[in-house]
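Okay, so here's the structure we're looking at.
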Amino acid sequence: MDIFTELRWSPYIVGTGIGVLSWFSFLILRIPLSCSTSFSRTSGMIERIFRGKKVETKPYYQKVKLVIDWQWMMMIGIVAGSFISSLLSGDFNPEWVPAFWNSTFGHTPFLRVIVAMAGGILLGFGARWADGCTSGHGISGTMQLAVSGWISALSFFAGGIIVAFLIYRLSG
Amino acid sequence: METKEKIKTFKEPGKTSRLIAGFIFGIFFGFLLQKGGVTKYDVIVGQLLLTDFTVLKIMLSAVVTGMIGIYFMKSMGWIQLYPKSGSLGQNIAGGLIFGAGFAILGYCPGTLAGAIGNGYLDALTGGVAGILIGAGLFASLYPRLNRGILKKGDYGDITIPGLLKVNEWVIVIPVAALIILFLIWIENRGL
């Protein structure tokens, strides 16, 4: 059982595993794997706590209903699966500031959290704008050879590479 | 629509079983993401700085495996595909905004959940708060955006074989071959 306590697996084994997982997603769930819609549902459900039922009448929440669905449960499962994997390999590590960030911007948690939040806003906004994320478009869309998937995936990486170079090559 | 008739032979799971199935899929997905190292900021930013190709190696091997499997199952009549509809205004503009967030946060929505499981507190706090705010903001702006940019350059739910009007395998096999060649090239360059 050493394989489960290993720190890292080959990326090709991991990728093949995700590919096989997607077969079962089509067969059993009858839907491709995707992630980011759950954040819309959660955001709307939180807003509903404060503003009441009228939140459900927003056109977007007519399209994306404020319910807990299979994907929402899958996101919880991802947290659990990653937790199990990191515990087994001794890689579970509560930390505020990633090492690479620390080497350029220092170890202040506050700065990292604020920037993470700014990035998160763009990520959440962009994922809904593009109607998918690295999973829904980047993996599931491209494997179905969907035009929307390939154009989105290329745009994700184009935007990501440009901004990462701006952040680290200009300041670093 | 004959495929639709055929797949009726596979029983569709009920609501509760779907929730349980979703959770189990998540455990496998999260386990694989963590074992692949992509629950880590350093690995994702390393990919965007083109110094560490772990993210693309995982994504592209998932795409090759998944694509061959699902097109095989489709030709056997076991499944149908669900390509998303889209438009240039949706996928390019949204994709670039997403990409900027991807680089600044250093996680994507799925790996953000994985990062939380791995213990990363920047993901749990700023990351989750930000993505929920961003998604909520979009829901508020949706009616206005939907009248304008989201409809620009609409191409619907077309796939590449559908667009080129060719047999699916004429695209599946070369795409798989090109991805494998690209991965071999990356390995040969020591990336």
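The values are calculated or read from the model by the stated rules, or taken from the named source; none is laboratory data. As the structure is a computational prediction, the values presented were derived from the model and not from experiment. For neighbour counting, all protein chains shown are included, and Cβ atoms are generated from backbone atoms with ideal geometry for every residue, glycine included. SASA here: full protein model, heavy atoms, side chains in, ligands and nucleic acids out. Shrake-Rupley method; radii C 1.70, N 1.55, O 1.52, S 1.80 Å.
Residues in segment B:60-67 carry Karplus couplings, in order, of 6, 6, 5, 5, 4, 4, x, 4 Hz; the curve used is 6.51 cos²θ - 1.76 cosθ + 1.60 with θ = phi - 60°, and Gly or Pro positions show x.
Summed over both chains, the contact between B and A buries some 10600 Å² of accessible surface at a probe radius of 1.4 Å.
At 4 °C and 1.567 mPa s, what whole-number value in µm²/s does Stokes-Einstein give for the translational diffusion of segment B:131-188, with Rh from the Kirkwood sum over Cα pairs? If you can, show how the numbers build up before the last one.
Details: Rh = 15.2 Å.
The calculation lands on 85 µm²/s.
Need one value for B:165-176: mean number of C-beta atoms belonging to other chains within 10 Å of its residues' C-beta atoms. The partial results should precede the final answer.
Details: counts 0, 0, 0, 1, 0, 0, 1, 2, 0, 0, 4, 0.
Mean number of neighbouring Cβ atoms from other chains: 1.
For A:Phe92, nonlocal amide neighbours, meaning residues 5 or more places apart or on other chains whose placed amide H falls under 5 Å from its own, are A:Leu87. Positive-end ranking of B:Ile160, B:Leu112, B:Gly77 along the dipole of chain B, with charges on Cβ about the Cα centre, is headed by B:Gly77.
Using C-alpha pairs under 8 Å with a sequence gap of at least 6, the mean separation divided by the residue count of chain B gives a relative contact order of 29 percent. Partner aspartates and glutamates whose Cα lies under 17 Å from the Cα of B:Lys15, excluding those fewer than 8 positions away in the same chain, are identified as A:Asp69.
Computed over the protein assembly as shown, the per-residue total of -39500 (n - 2.57) for DSSP H runs of n ≥ 4 gives a 222 nm mean residue ellipticity of -21000 deg cm²/dmol, rounded to 500. With both labels modelled 7 Å from their Cα along Cα-to-Cβ, the A:Arg30 to A:Glu6 distance reads 3.7 nm.
Taking the protein heavy atoms of segment B:99-175 in the context of the full set of protein chains, the accessible area attributed to carbon and sulfur is 69 percent at 1.4 Å.
Scaled to the globular estimate 2.2 N^0.38 Å, the Cα spread of the protein assembly as shown, given as radius of gyration, is 0.94. Computed packing ranks the peptides B:94-100, A:63-69 as B:94-100, A:63-69, most packed first, by mean other Cβ atoms within 10 Å. What is chain A by shape, rounded, prolate or oblate, if you read a ≥ b ≥ c off the alpha carbon gyration tensor as root eigenvalues and call it rounded for a/c under 1.5, prolate for a/b larger than b/c, and oblate otherwise? Rounded shape, in that the Cα axes give a/c under 1.5. Rounded to the nearest Hz, the phi-derived 3J(HN,Hα) couplings of segment B:143-150 under the Karplus curve 6.51 cos²θ - 1.76 cosθ + 1.60 (θ = phi - 60°) are x, 5, 5, 5, 7, x, 4, 5, where x marks glycine and proline. Residues in segment B:78-84 carry Karplus couplings, in order, of 7, 9, 10, 8, 10, x, 7 Hz; the curve used is 6.51 cos²θ - 1.76 cosθ + 1.60 with θ = phi - 60°, and Gly or Pro positions show x.
Near the amide H of B:Ser87, within less than 5 Å, lie the amide hydrogens of B:Tyr155, all on another chain or at least 5 residues away, with H placed in the peptide plane.
Can you tell me, using C-alpha contacts under 8 Å and at least 6 residues apart, the relative contact order of chain A as a whole percent? Before the final figure, lay out the partial values.
Values: 113 pairs, mean separation 43.8, N = 172.
With pairs under 8 Å counted, the relative contact order is 25 percent.
Springs between Cα atoms under 10 Å define the GNM used for chain B, and in it the highest mean-square fluctuation of B:Phe23, B:Phe102, B:Phe31 occurs at B:Phe23. Protection proxy ranking of A:152-164, B:146-158, by the mean of other Cβ atoms within 10 Å over each peptide's residues and highest first, is A:152-164, B:146-158. With a threshold of 30 Å on the Cα-Cα distance, the over-threshold entries among B:Lys84/B:Lys165; A:Lys63/B:Lys57; A:Lys63/B:Lys74; A:Lys58/B:Lys84 are A:Lys63/B:Lys57. Per-residue shielding of A:52-60, expressed as the average number of other chain Cβ atoms within 10 Å of the residue Cβ, stands at 2.
Near B:Thr159, the amide H atoms lying under 5 Å from its own belong to A:Val147; only residues 5 or more places off or on other chains count, and H is placed 1.01 Å from N.
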